[in-house]
Amino acid sequence: MEFTKMHGLGNDFIVVYGEQELPHNASELAVSLCHRFFGIGADGLVYILPSDVADFRMRIINSDGSEAEQCGNAIRCVAKYVYDHGYVTKDKITIETLGAGAQHVQLQVKDGNVEKVTVDMGEPILDGVQIPTTLQSNPVVNHPLEVEGQLYHFTAVSMGNPHCVIYVEDAVSFDLGKWGPLLEVHPFFPKKVNVEFATVQDRNHVDMRVWERGAGPTLACGTGACATLVSSVLNGKTDRSAWISLKGGDLFIEWNEDDSHVYMTGPASVVYTGTIEV
């Protein structure tokens with residue numbers, strides 16, 4: 001199998017192009033290939049496939065073998081891959097995702113290669129049942145949640161995949177490894193949840209750390225950054241656009257007031273290409 005190792009702010013993927021459909025053993029391949037010691041090492045395995053409704057279709061298998069409906073960092077990597085390899089020559093393309101349909105992508109090209117990507121991530125889902133949570137609220141804002149005797153308050157947002165945003169005193173040094181896995185499987189979230197721990201620095205800057213459903217702690221999460229901005233607006237903590245600082249770097253997120261869509265801008269990078277026996 002030929003592959004390209006890519007990352008968006010350190011959230012890394014094994015990208016595969018050329019298959020017509022998702023392989024039947026994609027889940028097993030992801031577990032094996034994403035292993036940091038016995039495989040290539042990655043947060044997920046990404047397939048770029050043909051699409052009937054967009055320029056390309058993206059399928060993302062997490063490192064634990066589960067499938068992600070959407071991934072903001074992966075879609076930027078896919079966009080860079082197809083342009084840099086000459087599969088498209090235009091700077092505006094569409095990429096079909098499992099959870100958010102066909103998404104519009106704007107490429108910023110420098111010296112013939114994609115440097116940054118702006119993705120129209122669509123309109124956030126705020127209805128508690130649709131996210132999904134077990135709560136009937138619309139929206140679910142600053143809702144109490146207790147786990148192992150600790151009380152948190154969370155705001156729920158779906159960007160094609162479910163997110164739980166919690167504000168803490170210091171997101172950078174927060175004990176992600178302790179609380180992330182407990183919150184991921186909390187009964188409020190029937191399909192599990194991505195958990196963002198956020199600290200607002202000012203109305204245009206938020207520090208965030210993430211525990212991703214199916215992958216654990218990652219250096220960045222594009223949909224999580226979008227959910228954090230939406231949550232921060234709903235809670236009156238930020239303006240409608242802000243820099244979200246993740247462990248791997250910064251993303252610029254805007255929740256546009258005119259169309260209610262969320263726009264994410266950030267880089268994508270190639271690490272190396274190779275082949276592996278599968």
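The values are calculated or read from the model by the stated rules, or taken from the named source; none is laboratory data. These numbers come from a predicted model, not from an experiment. Every residue, glycine among them, receives a Cβ derived from its backbone with ideal geometry; neighbour counts consider all protein chains shown. When the accessible area is computed, the model is the full protein with side chains, heavy atoms only, and any ligands, DNA or RNA have been set aside. Shrake-Rupley method; radii C 1.70, N 1.55, O 1.52, S 1.80 Å.
So here's what we get for this one:
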{"item": "Residue list for the stretch 246-278, filter: under 20 Å from the mean Cα position of the chain (by Cα) and not in a strand (DSSP E or B)", "result": "K247, G248, N256, S260, H261, A268"}
{"item": "Residue within the stretch 215-235 that is farther than 29 Å from A102 by Cβ, in contact with a Phe, Trp or Tyr (Cβ under 7 Å, 6 or more places away or on another chain) and at pLDDT 95 or above present", "result": "yes"}
{"item": "Some residue of the stretch 87-95 being within 19 Å of the chain's Cα centre (by Cα), touching a residue at least 12 places away in the same chain (Cβ under 8 Å), within 25 Å of L126 (Cα to Cα) and open to solvent by less than 10 Å² (accessible area, probe 1.4 Å)", "result": "yes"}
{"item": "Of all residues making up the stretch 4-39, the number that are closer than 17 Å to N73 by Cβ and either buried (at least 17 other Cβ atoms within 10 Å of the Cβ) or in contact with a helix residue (DSSP H, G or I) (Cβ under 7 Å, 6 or more places away or on another chain) (or both)", "result": "14"}
{"item": "So I61, is it surrounded by 22 or more Cβ atoms within 10 Å (Cβ to Cβ), among the aliphatic types (A, V, I, L, M) and in contact (Cβ under 8 Å) with a residue 40 or more places away in the chain", "result": "no"}
{"item": "Single condition K247 does not satisfy, out of (1) of a type in the set (D, E, K, R); (2) in contact with a helix residue (DSSP H, G or I) (Cβ under 6 Å, 6 or more places away or on another chain); (3) closer than 18 Å to D12 by Cα", "result": "(2)"}
{"item": "The one condition in (1) in a loop (DSSP other than H, G, I, E, B); (2) small (G, A, S); (3) more than 22 Å from G249 (Cα to Cα) that A156 fails to fulfil", "result": "(1)"}
{"item": "Selection within the stretch 131-176 - out of contact with any strand residue (DSSP E or B) (no Cβ under 6 Å at 6 or more places or on another chain), open to solvent by less than 50 Å² (accessible area, probe 1.4 Å) and hydroxyl-bearing (S, T, Y)", "result": "S137"}
{"item": "Any hit, the stretch 116-136, residues being at negative phi, out of contact with any Ser or Thr (no Cβ under 9 Å at 6 or more places or on another chain) and in a strand (DSSP E or B)", "result": "yes"}
{"item": "Residue in the stretch 233-245 that is closer than 29 Å to F3 by Cβ, outside any helix (DSSP H, G or I), of a type in the set (G, A, S) and open to solvent by 30 Å² or more (accessible area, probe 1.4 Å) present", "result": "no"}
{"item": "Single unsatisfied condition, T218 versus (1) in contact with a Ser or Thr (Cβ under 6 Å, 6 or more places away or on another chain); (2) of a type in the set (S, T, Y); (3) closer than 27 Å to H85 by Cβ", "result": "(1)"}
{"item": "Condition broken by G128, with the remaining ones in (1) under 22 Å from W211 (Cβ atoms); (2) in contact (Cβ under 8 Å) with a residue 40 or more places away in the chain; (3) within 21 Å of the chain's Cα centre (by Cα); (4) open to solvent by less than 40 Å² (accessible area, probe 1.4 Å) satisfied", "result": "(2)"}
